[in-house]
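The values are calculated or read from the model by the stated rules, or taken from the named source; none is laboratory data. Computed from a predicted structure; not experimentally measured. Here the Cβ is made from the backbone with ideal geometry for all residues, glycine too, and neighbour counts use every protein chain on show.
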Amino acid sequence: MYNLQVASVVVAVVEFLICLLSVYGLIRNYQIFGASYLLWFIIGIVSVVIILIVIVLLLYAIKTENARLLVPHLCVQVFLILFLIIVALVVALLLLFGAYRGIRNLLGHASYHITDEATETLGYMIIAIYLALAVLEVLFLYIIYKLYRYLTRYYLIGSADPFTMKSHHHRIYSPTWQMPPKTAAFGSGSPDSGDLYPYSP
């Protein structure tokens with residue numbers, strides 16, 4: 001459990017650093033490409049905010065050992081992995097067919113002059129970076145999912161503990177228990193406590 005918690009905290013820290021780098025890249029690209037990049041800038045900032053929210057939920061889930069709070073993080077991770085792989089595949093197809101303008105449109109650089117050679121280099125960089133991030137997120141997904149499974153099982157075990165159950169059907173102590181009569185064998189035994197032999201008070 002402790003190792004999973006530490007690994008999950010590392011995941012949160014790394015993802016936070018990636019968010020900082022993403023914000024820097026978004027701001028830098030907006031300064032370079034101007035209004036043509038505005039839509040992608042807004043989408044990027046909103047995505048970063050969502051990721052930061054699920055990172056906070058992840059840290060709180062680790063602190064409180066609440067498996068349900070991990071679900072948003074798992075969902076965002078799955079979506080992010082699919083998004084990264086899809087973008088990498090699209091860029092690869094555009095490079096394969098020499099559609100360099102399509103790459104520039106995809107990145108929001110349509111109105112900015114970039115040579116085809118530079119666009120091709122940028123495309124290969126995007127494929128490498130996005131696939132590397134996808135692999136990293138798959139590893140993170142495995143860690144968070146293991147933590148989720150552990151906390152879920154821990155909760156189920158705790159909920160089946162008769163000492164912690166609230167229902168009167170599961171109470172390990174019952175006020176109807178009887179003190180064993182002095183005439184009982186060995187001075188012990190009670191039907192309510194599970195003894196099978198009869199006795200009379």
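Below, the figures for the structure above:
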read-out: Which listed residue, of ILE27, ILE86, ILE32, ILE45, is over 29 Å from LEU147 (Cα atoms) and free of Cβ contacts under 8 Å to residues at least 24 places away in the same chain; value: ILE27
read-out: Condition check for LEU21: at pLDDT 90 or above, farther than 17 Å from LEU141 by Cα and not β-branched (Val, Ile, Thr); value: yes
read-out: Close pairs from segment 60-77: first exposed (fewer than 15 other Cβ atoms within 10 Å of the Cβ), partner hydrophobic (A, V, I, L, M, F, W, C), Cβ under 8 Å, at least 6 apart; value: TYR60/LEU69; ASN66/LEU151; ARG68/ALA61
read-out: Conditions (1) within 27 Å of ASN3 (Cα to Cα); (2) surrounded by 15 or more Cβ atoms within 10 Å (Cβ to Cβ); (3) not basic (Lys, Arg): number failed by ALA132; value: (2)
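The rows are residues; the columns are (1) modelled with pLDDT under 90; (2) touching a Ser or Thr at 6+ places or on another chain (Cβ under 9 Å).
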{"residue": "PRO72", "(1), (2)": "no, no"}
{"residue": "ILE86", "(1), (2)": "no, no"}
{"residue": "ILE103", "(1), (2)": "yes, yes"}
{"residue": "HIS113", "(1), (2)": "yes, no"}
